[in-house]
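Below is one structure, written out as structure tokens; comments come after it.
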Amino acid sequence: MARKPARGPASDPELLVLSSLAEGPKHGYAIMEDIAMHAGVEMGPGTLYGAITRLVENGWVAPLEARGRQRPYRLTGKGAEHLKAQLESMRQLAAFGLRRLRTI
Amino acid sequence: MSVERWMIRRLIGLYPASWQAEYGQELEALLAQRGLTFWAALDVAWGALVQRLRYVGPWKICAGFLLICRTAALVWNSVHPFSNEVYVWFTNGICLVRHFGQRFEEGFPPIRLLKVQWEWRSSVMLPDFVVCLLWASEFVSPVILPGGAAGPHGGGVALLHVRSSGPVDLRPEEIFIMEAVATCLGGAVIGALGGAAGARLSANSASR
């Protein structure tokens, strides 16, 4: 379980997993470590695999051949498009909010 | 086998079999590598519940939830029998809960839902078929009655009362069994119709 992650779109497990996989294929443990290191969110194993399940079902992430008991996942083209659209929307929202804050 | 490994196996066993076949081995490897803390165990158990609910039909969720409500109310009523006033409020509450379930499936925003719920008794904001469903569900699921007497909304028990031409004399376990069966049946009907209505509304709004 993510221990009190920062609320908001930046703590969405699916976006975090997609962002982690944008760097290249990774297995579950490596995704968790990457997210903890770069996003500061400690994602729990149940949350991580819940997100992976939904991402695979949506075709945004695809499993690769297993290495031992661990199986790496890669970002698909559709997943990259979705991630780009989500991040762009977050960027626009952040820019809008910051612009408004400056006018107060 | 160590206790931790045994715990990990049990936790993964909580997931649906099809999910376990797909992801079970890698989740087990991850938990073994990372170590099983209390929070990790809780997170995995929660994840298992979510996965189970994802593959369960809406009617099963609805029936299960109603059964829990009815059982709790039955126990409560046997300790502190409801007054007529409380009983009516309780019945309204059950209708409200059922309706919440249906509306969530249709993707209603909670605030709008509350507004609709607040006004539904005295207005025509709800579609007729929803009101009919609510009353039909009341008919198929006998409600808990104060002191075992037939009440104003007690569809099933009231019917028994009329047919036996006298006060209904049921033992608590008989009422419980009837409550359980009828609640599941009512939940199944409401859940299935609610799901179908939700799917139809979604299809209509998508085609617009």
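A short reminder: the numbers here are calculations on the coordinates, not readings from a lab. Small disclaimer: the values here were computed from a predicted structure and weren't measured. Note that each Cβ is placed from the backbone with ideal geometry, even for glycine, and that neighbours are counted across all protein chains shown.
General remarks:
- Cβ-derived FRET efficiency at R0 41 Å, B:Val3 paired with A:Thr103, nearest 0.05: 0.10
- Between A:Arg74 and B:Arg10, the FRET efficiency from the beta-carbon distance, with R0 = 35 Å, is close to 0.65.
- J(HN,Hα) series, segment B:2-16, from Karplus relation 6.51 cos²θ - 1.76 cosθ + 1.60, nearest Hz, glycine and proline x: 6, 4, 4, 5, 4, 4, 4, 4, 5, 5, 5, x, 6, 6, x
- Residues whose amide H falls under 5 Å from that of A:Tyr73, counting only those 5 or more places apart or on a different chain, are A:Lys26, A:His27, A:Leu64, with hydrogens built in the peptide plane.
- The ranking of A:Met32, A:Met37 by Cβ neighbour count inside 10 Å, starting from the fewest, reads A:Met37, A:Met32.
- Taken residue by residue and averaged, Cβ atoms of other chains lying within 10 Å of the Cβ of A:90-96 number 0.
- Note on chain A: Cα-only Rg and Dmax are 15.0, 57 Å.
- Segment A:Asn58..A:Leu93, full-extension length gain: 10.1 nm, with 0.36 nm per residue of separation and the alpha-carbon distance subtracted.
- The B:Gln25 and B:Ala45 beta-carbon pair, evaluated with R₀ = 22 Å, returns a calculated FRET efficiency of approximately 0.75.
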